[in-house]
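One structure below.
The values are calculated or read from the model by the stated rules, or taken from the named source; none is laboratory data. None of the values given here were measured: they were computed from a predicted structure. Positions of Cβ are backbone-derived with ideal geometry, glycine not excepted, and every protein chain shown enters the neighbour counts.
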Amino acid sequence: MSGVVVRPRLLLATMSVVALTVAVLQTGVVPILGVISRQLGAPTVDVSWAVTANLLAGVAATPLIGRLADLFIKKRVLLVVLGIVLAGSVLAATTSSLPLLIVARVLQGVSFALYPIGVSILREELPAERLMSAMAVLSGVLGFGGGAGLVVTGLLMRGDAGYHRVFWFTVIFTVGVIVAVVAVVPERPRDGDGTVDWLGAAGLAAGLSALLLAITQGPSWGWVSLRTACSLGIGIAVLLVWWRWEQRCRQPLVSTGMLSRRPILLTNIATVSVGMGLYFAFLGLTDFVQAPTGSGYGFGASVLRASVQFLLPGALAGFITATVSGRYIDRYGARPILLIGGGLGVVGFAALAATLLQDQPAQAWQVITCAVLINAYISLAYGAIPALVVAEVDPDETAVATSMNAIARSIGSSVAAALVAVLLSRGHTAYPPESSFTVIFALGAITGAIAMALIALTRTRLREIKSVEELAESRAMNHEWG
């Protein structure tokens with residue numbers, strides 16, 4: 001590889017830790033929102049912007065960072081992103097001001113781009129026959145990291161601990177990741193050319209941010225309020241203008257031709273459904289097991305117990321599933337594996353919804369078993385979907401294509417989070433009715449079935465995935481003979 005020595009296993013381990021950073025930063029703060037509200041004396045609605053701002057920043061920055069990674073040296077782009085994340089973590093760990101905490105979460109939001117960069121680096125450095133297995137492991141870590149973040153938060157927040165502990169942990173963790181990247185990831189010189197469509201990047205960021213703002217704030221603003229309608233309308237209008245601009249731009253930020261190709265389009269829509277399933281499971285299960293026993297259905301679990309007893313087994317099962325799925329993706333293709341995973345998800349969600357319809361309260365083993373099936377679905381989908389995307393694009397489009405797919409997942413997660421917020425706000429008691437959770441898990445089964453149907457409609461690519469060297473040699477031969 002052009003004189004660059006690559007140790008595949010060590011590189012994969014390092015990029016997996018990078019992916020773990022994304023998941024920990026996304027989920028680690030969710031259980032401590034109430035603690036932040038209490039310790040800063042701020043309203044819960046205002047504190048929720050620590051999550052909303054992080055999501056908006058991630059969605060806005062990811063496509064641009066993905067394009068930069070496609071054009072420039074990936075290792076340097078990766079280190080710059082990690083440096084920004086570290087700055088945000090330090091600010092969050094040292095401030096007691098809510099506005100500055102929100103700024104810190106904006107800086108941490110660029111971590112969303114770490115996963116697409118990681119996929120792009122793996123494609124650049126690994127031979128084609130090892131790529132599918134590596135991406136499956138990377139994706140499995142991304143899914144596993146959500147549960148790991150909850151467990152770590154639960155351990156750190158035992159007793160009357162301050163919320164700063166969680167952010168000091170992210171500081172230490174990010175420093176370790178930076179050291180690993182510097183030591184392990186090769187710095188391959190870039191010989192490609194191209195420019196950054198800055199206007200297109202700004203338009204996409206503005207349109208997506210307005211759209212997601214309407215989705216995330218709809219439950220608190222009101223779905224028919226003027227603010228929600230204006231935000232939604234502005235987002236759609238800006239994205240339509242952006243699409244026309246990208247069609248006419250000589251070097252667009254994102255190729256509209258790529259996004260509109262049948263396999264990419266259907267895969268991205270299916271990813272929205274997978275993202276919804278992830279949050280129906282994550283939020284639904286967490287709130288369900290933490291509901292007090294007086295509700296007639298909950299287990300009264302603490303954050304730590306909910307994470308260790310109910311969520312961790314599923315997360316571990318998902319990680320194991322992802323690590324072994326790569327060989328089957330290599331042998332049978334990504335589409336059949338994703339269809340099998342979708343079937344597991346439908347069974348897990350449907351069984352959980354059916355359990356709640358019974359006269360007897362759900363047992364812990366039933367919830368854990370369903371969680372294992374659902375996590376297997378999420379992990380198989382996370383492993384197979386990047387393979388479908390990578391198979392449809394050239395190496396110099398990998399990061400930006402994977403970034404757009406990651407945005408589709410974030411949109412799905414945001415929609416699901418908004419729906420869960422609406423469903424759990426029903427009722428006149430201190431806790432939501434059991435029927436709310438039945439609907440949440442039934443929606444999980446429906447979105448799993450939708451993802452299966454969309455993937456079944458995609459058409460497999462006839463040519464195999466090629467490494468950077470194989471593609472360069474093929475182009476050289478074509479140039480020589482042409």
When restricted to Ser255, Ser231, Ser225, the only residue among the small types (Gly, Ala, Ser) and in contact (Cβ under 8 Å) with a residue 24 or more places away in the chain is Ser255
So the helices (runs of 4 or more DSSP H) completely within segment 29-94 holding 1 or more residues that are at pLDDT 90 or above are 33-40, 49-71, 74-94
Report yes if some residue within segment 421-433 is within 20 Å of the chain's Cα centre (by Cα) and in a helix (DSSP H, G or I); otherwise report no. yes
Pairs needed: first member in segment 104-122, assigned by TED's automatic domain parsing to the domain that holds Ala13 and surrounded by 24 or more Cβ atoms within 10 Å (Cβ to Cβ); second member anywhere, acidic (Asp, Glu) and part of a helix (DSSP H, G or I); C-beta distance under 6 Å; at least 6 residues apart or different chains. none
Criterion first (assigned to a helix (DSSP H, G or I), among the hydroxyl-bearing types (Ser, Thr, Tyr) and modelled with pLDDT under 90) does Thr14 satisfy it? no
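Residue-by-condition table, conditions (1) in a helix (DSSP H, G or I); (2) touching a residue at least 24 places away in the same chain (Cβ under 8 Å); (3) in the same structural domain as Leu265 (by TED's automatic domain parsing); (4) hydrophobic (A, V, I, L, M, F, W, C):
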position	(1), (2), (3), (4)
Ile374	yes, yes, yes, yes
Leu380	yes, yes, yes, yes
Thr398	yes, yes, yes, no
Ala401	yes, yes, yes, yes
Asn405	yes, yes, yes, no
Ser413	yes, yes, yes, no
Ser436	yes, no, yes, no
Taking the conditions exactly as written (small (Gly, Ala, Ser), in contact (Cβ under 8 Å) with a residue 24 or more places away in the chain, over 30 Å from Trp243 (Cβ atoms) and not in a helix (DSSP H, G or I)), does Ala442 satisfy them or not? no
Which of the helices (runs of 4 or more DSSP H) contained wholly in segment 190-267 include at least 2 residues that are at pLDDT below 90 and not assigned by TED's automatic domain parsing to the domain that holds Leu71? 198-221
Do the conditions hold for Leu304, that is, is it assigned by TED's automatic domain parsing to the domain that holds Ala449 and under 21 Å from the mean Cα position of the chain (by Cα)? no
Take the residues in segment 213-254 that are surrounded by 19 or more Cβ atoms within 10 Å (Cβ to Cβ) and among the aliphatic types (A, V, I, L, M), then tell me which one is nearest to Val59 (Cα to Cα). Leu213
Read through the list (1) under 20 Å from the mean Cα position of the chain (by Cα); (2) of a type outside the set (Ser, Thr, Tyr); (3) surrounded by fewer than 24 Cβ atoms within 10 Å (Cβ to Cβ), then give the number of the only condition that Asp46 fails. (1)
Quick check, is Ser295 within 24 Å of Gly146 (Cα to Cα), in contact (Cβ under 8 Å) with a residue 60 or more places away in the chain and among the small types (Gly, Ala, Ser)? no
